[in-house]
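Reading through the structure tokens given below for one structure.
We did not get these values from a lab; they are worked out from the coordinates using the rules stated. None of the values given here were measured: they were computed from a predicted structure. Cβ sites come from the backbone with ideal geometry, for glycine too, and all protein chains shown count toward neighbours.
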Amino acid sequence: MKKLLVAFLMLLPVASWAAGGSGFDVDGYAQKNGFEVDLTDKVALQQGLSIYMNYCMGCHATKYQRYERVADDLGIPHALMMENVVFNDVKIGNLMENAMRPEEAKKWFGAAPPDLTLVARVRGANWLYAYLRTFYEDKSRPWGVNNKVFPDVAMPHVLLELQGLQHDSCYGQQSHEVDTQTGKPLCELTLKSDIKHEQTPEEYDQTVRNLVSFLAYAGEPARLDRERIGVYVLLFLAVFFVFAYLLKREFWKDVH
């Protein structure tokens with residue numbers, strides 16, 4: 001009993017970290033926008049890998065993944081992977097680590113950026129999708145942005161040049177409309193017209209979907225194999241049940 005209690009208490013910080021503390025309905029937000037992860041779409045995963053390497057890898061590593069495994073799973077030839085995806089001087093079999101040292105990162109950002117290998121499994125794909133879409137301007141923050149999912153976020157909006165800067169209609173307002181059922185503020189995020197950005201809202205949404213899909217794959221690269229094997233196991237058990245039932249009936253037919 002004591003061991004179970006200790007294990008439960010150790011999991012509490014993880015649960016708190018996953019929730020983010022904002023009360024933002026990430027599942028409802030993802031459902032409203034029709035988001036779901038499709039690990040069978042290798043083109044989307046390849047594009048997600050490209051976004052990750054260009055915009056995330058400088059600070060965040062995925063040190064429990066190997067370049068070779070990613071290339072093989074996503075159908076990327078090794079030579080093409082090394083030429084167009086891997087930017088540092090490593091070999092194809094190396095782990096996907098970056099050059100940023102934790103002590104330097106802590107000095108620059110206040111905390112070392114977390115490894116992202118398991119972020120989709122810990123926080124959830126819907127959380128990541130909502131998080132990457134809900135940065136907004138907040139001049140009181142060190143990087144000039146805040147986040148609806150993760151209030152007082154310490155990370156800058158690294159995809160700002162793609163999405164642009166959003167304005168929160170509730171920001172700086174003393175009073176605003178609230179949802180009559182939940183009592184939460186009704187806030188809207190709109191793009192600021194005076195800030196340049198490279199992608200349309202539809203294009204940026206697809207970028208986020210691809211990036212989150214890649215991170216979901218990175219957290220569980222064997223998921224498709226596991227699901228496929230699971231189908232065969234269930235089929236085997238169904239067939240085995242038939243023969244087991246017939247055998248049992250044969251053994252017990254003379255028992256009264």
* If a/c stays under 1.5 just call it rounded; otherwise compare a/b with b/c (prolate if a/b is bigger, oblate if not). Do that for the range 23-169, with a ≥ b ≥ c from the square roots of the Cα gyration tensor eigenvalues. => oblate
* Structure fact -> Within the chain, the cysteines whose Cβ lies no closer than 4.7 Å to any other cysteine Cβ are C56, C59
* Counting alpha carbon pairs within less than 8 Å and at least 6 residues apart, what relative contact order, in whole percent, applies to the range 106-256? -> 23
* **For the range 49-57, 3J(HN,Hα) per residue [Karplus equation, 6.51 cos²θ - 1.76 cosθ + 1.60, θ = phi - 60°, Hz, x = Gly/Pro]** => 4, 4, 4, 4, 5, 7, 10, 10, 5
* Two-decimal Rg/Rh of the range 49-110 from alpha-carbon positions, Kirkwood Rh? -> 1.01
* Asked: How large is the dipole of the range 20-221 about the Cα centre if only Lys and Arg carry +1 and Asp and Glu carry -1, each at its Cβ, rounded to the nearest 20 debye?
  -> 500
* On a 0 to 90 degree scale, rounded to 10, what angle separates helix 2-19 from the longest Cα axis of the chain? -> 50
* Computed [θ] at 222 nm, helices only, for the chain once each DSSP H run of length n ≥ 4 contributes -39500 (n - 2.57) -> -15500 deg cm²/dmol
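For the chain, what's the relative contact order in percent, using C-alpha pairs closer than 8 Å and at least 6 residues apart?
Numbers: 287 pairs, mean separation 61.5, N = 256.
Contact order relative to length: 24 percent.
Sorting M57, M81 on the 10 Å Cβ count, fewest up front, what's the list? The partial results should precede the final answer.
Values: M57 22, M81 18.
In order of increasing Cβ crowding within 10 Å: M81, M57.
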